[in-house]
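The values are calculated or read from the model by the stated rules, or taken from the named source; none is laboratory data. These figures come from a predicted structure and were not determined experimentally. Note that each Cβ is placed from the backbone with ideal geometry, even for glycine, and that neighbours are counted across all protein chains shown. These area figures cover heavy atoms from the full protein model, side chains too; ligands, DNA and RNA do not enter into them. Shrake-Rupley method; radii C 1.70, N 1.55, O 1.52, S 1.80 Å.
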Amino acid sequence: MTEPSDLLVEETASNAAAPGAEALPPANPVEAGAPARSQWRDVWRQFRSHRGAMVALVLFVSIILFVAIGPWLWTIDPTFVDYRARNQGFSMAHPLGTDQLGRDMLARMMTGGRVSIAVGLVAMSIALTLGSLIGVVSGYFKRLDAPLMRLTELFLALPLLPLLLLMVTLFREPLGQKLGPAGGTFLLIVSAIGVTSWMQTARIVRGDVLGLKEREFILAAKSIGTPAPRMILRHVLPNVISPIMVAATLGIATAIITESALSFLGLGFPPDFPTWGRLLFDAVDQMQQYPWRVILPGAFISLTVLSVNYIGDGLRDAMDPRIRGR
Amino acid sequence: MTLGPTASALALAALPLTALTAPALAERGADGELRVLYWQAPTVLNPYLSTGAKDVDPASMVIEPLAQVAPDGSLTPVLAAEIPSLENGGIAADYSAVTWKLKPGLLWSDGSPVTAEDVKFTAEYCMDPAFGCAVLQEFEGITGAEVLDAQTVRLNFDAPRFAPLQAFVGGRTPILQKAQFAACKGAAGVSCTAQNFGPLGTGPYKVADFRPGDVAQFELNPNYRDAAKPAFARVTVKGGGDAMAAARAVLESAEYDFAWNLQLPPEAVSAMEAAGKGRVVASFGSMVERIDLNQTNPSPELPEGERSTVKHPHPFLTDPAVRKALSMAIDRQIIAELAYGPAGKATCTILPMPEAYAPEAPACLTQDLEGARALLDQAGWVPGPDGIRAKDGTRLALLFQTTVNPVRQDEQALVKQWWSEIGVETELKAVDGASFFGADPGNPDTQTKFYADVEMYTDAYYLPDPASFLSKFTCDRIPTPETQWQGNNTPRFCDAGYDAGITELHATGDLAQRQQFARKLDAQLVGDGNYALPLIHRGMVSAHVNTLSGIVPNGWEGQLWNVADWSRVK
């Protein structure tokens, strides 16, 4: 554990380093005091002390490995129908059993996870980028605030599912021709989910930026003539990282679930393309006879969402200089 | 006024099953309330506006046709005294008119007498060009209705019709009361809410309360012609939920007595049946699940307006060897067993019922992957480096579309696998049912537009004579952009020999000969031609609690067709 005095130095350091260290006099407290340490190493050290986040990180990495490397090791085709071996329980030949057509559940879980996680991460990053961009810009530049917020409200007022359906109906065929049925659907779904779920992030970020703008250190930075882009990147964004992180973790969950809803309506991936959401929906009718087929994809979705949540929690704590070290 | 006991006993004798299960002497209204679950709720009670089973079935308890179709495909009189025939003079010798005689003493539920005027009015009501009658095709060829006396009405045809009994047969064309609907003719028909939501009828029940899309309540019709029926005093038809919830409400918790249209995985249903509270019944009519093979090119590279039109024949589905191989590769028995259970049987014909029309020797029931491969080899389709067969640069790669439905997706997966085993690549697509069966000409995913190589759905006909069903596949019924993609010949099958056969069928009166012609046409289209691949003869599945008796499966009529005979086992 660091001493309080160290902390004080650190805090000053990380803040003071920001407004362009080259502009400061050479008698810099960083060089004068503690040994040089990178900010990210500090973040990592703090992150490691968050036990929940560490467990979540291990879990998330293993899920990623499971879906990314798994299909190389377990080579059964997830769409191979073997109806003589249908509805089987756990066995050596099929570690997670088989479904109602005798397709191997382990292979389906791995392939399905690839799609679901990819959709979740990509859609989340689109939504996040859009949301924080609009939030920061509208919070920071007074003149753009009103039009951007009205735009956000406009998007919030749009009924999402019909909008998604419309986008899919309009663009599925042209995209599918260019990128193949799976690639086209992927691009369409992630962008559709991305552009329809950035609004909450934007509003939260804007609120935080508005509060931040009145703080002394911003005033100080302004007074020495920091240009707006650097101000945003160096002072504003790091301070609103926590709400963005929370929005991100929730966004992954929403994206995975929206994807399954679209698949369920026949507007998602082709029907023989397993995703976790589709596996879950397919199994619901036979939940009582074969509960594992519901529990497995459900558990994977929950674990992914939960671990991303915890990682986000840990990251937020680690990146907040006021909490770091406590 | 009601029928004497002998007459009703005779009517019962026509339905041997009913006679066995129905209690001999029930008292009218003694069994309290019957709770029926239609998970797609009725939205209107006038079959002339909507032919959906969810609307026609509840309406059939109130308004009745002149005759209905019995489970075996024969006709039974309902409001008619007898079924018109050549022998009793009901059908004119030259097949140019049909004379129906009403039962004597029939009353509407408001107490007024049923007369031939009502029949004449109903025919004119539906045939009014400004109305847009949902069952207009049943009135095809009728030039007018003529009242001969208060009990007798004659329907005149423009030309001899050799399936003369069509209009007013079956629950889709019931008789409406002239006095009630007189103001609803033509364009006003749709806006007559009071009438369409609460038609007066002759059936065992009358409408007590109707909330569209939610619940319909019916109470005893005091003027029903059989004094001993119905056994239930009230019927509630509740909508909402889905097939699974409906099955549970009947089979597991017995909250409801009867639930309709339960297409569910066979294992799920048999597990629920094991609870011992209810049973599942399948009624087999003419429903056949089939795969249509597009004879025109649906390629997206073609300009819009030329895709899936006869201008561009399909690159390989026009090859009879490919069509036959696709059919041979499918194991219909496995599909029936895995996806349908008691609700379906493997079939090789689109005319499964009545049995006299079905082909004698179904050839497609055994899967023959080896034979299919040999056939493709012979026809010059040889496997390429990726295992997919090709000839002159054309690969056997298909887009296979159907509606979103777990059972259909299982079928798709099975068929895809079999086709891949003979070297045919399949891409699957599932479309929301409402948009697939919708008629929007701007929607690229409709069944009639057929922007895919093959598509799967269920088709059916409602009268035992399949002549008008077979007429769907003539050249002039091919959907085109000019007709806003209307037309039922979805495979875009066009064969002069078939069209001539249809003409011949429509000009033949003799039953045995008609059956022979129908079998020949069926063979041309599916048996030998393989333009459409029939898979499953489907039954309409419903569930009822064990305490409900009198249910007779009937694939031709609605599920509530004999509700007057239903009773509670004590």
_Net charge over other residues, Cβ less than 11 angstrom from the Cβ of A:GLY97 (K, R count +1; D, E count -1)_ = +2
_Considering only C-alpha atoms, what is the centroid distance from segment A:35-108 to segment B:168-237, in Å?_
59
*How many nm separate the modelled label positions at A:GLN289 and B:SER74, each set 7 Å beyond the Cα in the direction of the Cβ?*
3.8
*asked:* Please give me the summed charge of the neighbours of B:ASP226: other residues whose Cβ is under 14 Å from its Cβ, Lys and Arg +1, Asp and Glu -1.
replied: +1
_chain B - mean residue ellipticity at 222 nm from DSSP helices (-39,500 (n - 2.57) per run, n ≥ 4, rounded to 500)_ = -6000 deg cm²/dmol
*Rounded to the nearest 5, what is the percent of antiparallel bridges among the DSSP beta bridges in the protein assembly as shown?*
75
*So for B:ASP522, B:ASP440, what's the accessible-area order with a 1.4 Å probe, most first?*
B:ASP440, B:ASP522
*Please give the FRET efficiency for B:GLU27 paired with B:GLN513, using the beta carbon to beta carbon distance and R0 = 51 Å, rounded to the nearest 0.05.*
0.55
*Size of the dipole of segment B:505-570 about the Cα centre, Lys and Arg at +1 and Asp and Glu at -1 on the beta carbon, nothing else charged, in debye to 20?*
200
_Solvent-accessible area, 1.4 Å probe, carbon plus sulfur percent, for segment A:51-324_ = 72
*Assuming R0 = 45 Å, can you tell me the calculated FRET efficiency for the pair B:THR193 and A:LEU144, based on Cβ-Cβ distance, to the nearest 0.05?*
0.30
*Give me the distance between the Cα centres of segment B:45-67 and segment A:224-294, rounded to whole Å.*
46
*Do any GluC sites (Glu not before Pro) in segment B:272-350 lie in a loop, going by DSSP, with at most 12 other beta-carbon atoms within 10 Å of their beta carbon, and if so which?*
B:GLU301, B:GLU304
*Using 7 Å Cα-to-Cβ label points, what is the A:GLN177/A:ASN87 separation (nm, one decimal)?*
4.5
*Gain in span if fully extended, A:MET54 to A:LEU166, counting 0.36 nm per residue against the direct Cα distance*: 36.2 nm
*Accessible-area composition of segment B:429-506, carbon plus sulfur, in percent [1.4 Å probe]*: 53
*asked:* Taking a ≥ b ≥ c as the square roots of the Cα gyration tensor eigenvalues, with a/c under 1.5 meaning rounded and otherwise prolate when a/b beats b/c, else oblate, which class fits the protein assembly as shown?
replied: prolate
*Pulled fully out, how much extra length does the chain show between B:ALA496 and B:ALA274, if you take 0.36 nm times their separation in residues and subtract their Cα-Cα distance?*
74.6 nm
*How high is the relative contact order of chain A, given as a whole-number percent (alpha carbon pairs under 8 Å, six or more residues apart)?*
25
*Within chain B, which complete DSSP H helices have Cα atoms spanning at least 24 Å along the helix axis and a mean Kyte-Doolittle hydropathy of 1.0 or higher?*
none
*Post the alpha-carbon centroid distance, segment B:521-566 to segment B:277-293, in whole angstrom.*
5
*With runs of 4+ DSSP H residues as the only contributors, calculate the mean residue ellipticity of chain A at 222 nm using -39,500 (n - 2.57) per run, divided by the residue total and rounded to the nearest 500.*
-23500 deg cm²/dmol
*Once the dipole of segment A:51-324 is set up with Lys and Arg at +1 and Asp and Glu at -1 on Cβ about the Cα centre, which of A:VAL168, A:PHE141, A:MET245 lies farthest towards its positive end?*
A:PHE141
*Is there a simple number for the mean count of other chain Cβ atoms within 10 Å of the Cβ of residues in A:99-109, and what is it?*
2
*Taking a probe of 1.4 angstrom, what is the accessible area of B:PHE131 in Å², to the nearest 10?*
10
*Among the helices of chain A (complete DSSP H runs), which have Cα atoms covering no less than 24 Å along the helix axis and a Kyte-Doolittle mean of at least 1.0?*
A:51-73, A:105-140, A:160-196, A:241-264
*Stretch B:GLU117-B:GLU255 to full length: gain in nm at 0.36 nm per residue minus the Cα-Cα span?*
45.4 nm
*Where the only charges are on Cβ atoms (+1 Lys, Arg; -1 Asp, Glu), what is the dipole of the protein assembly as shown about its Cα centre, to the nearest 20 debye?*
2580
*Work out which residues of segment A:275-305 lose at minimum 30 square angstrom of accessible surface when the other protein chains are put back, relative to the chain isolated, with a 1.4 angstrom probe, and list them by number.*
A:ASP285, A:GLN286, A:GLN288, A:GLN289
*Taking all pairs of different Cα atoms in segment A:127-178, averaging 1/r and flipping that mean, what Kirkwood radius in angstroms comes out?*
12.9
*Just give the residues from segment A:233-273 buried by at least 10 square angstrom of accessible area in the all-chains context relative to the isolated chain, probe 1.4 Å, and say none if nothing qualifies.*
A:PHE264, A:LEU265, A:GLY266, A:PRO270, A:PRO271, A:ASP272
*Solvent-accessible area buried by B and A, counting both chains, probe 1.4 angstrom, square angstrom*: 2400
*Given the options A:VAL81, A:VAL246, A:VAL136, which has the most mean-square fluctuation in a GNM of chain A, springs set between C-alpha atoms less than 10 angstrom apart?*
A:VAL81
_Run the simple label-point estimate for B:LEU136 and B:GLN484 please: 7 Å along Cα→C-beta, distance reported in nm._
1.1
*Skip the ligands, DNA and RNA, and give the accessible area per residue of the protein assembly as shown with a 1.4 Å probe, whole Å².*
42
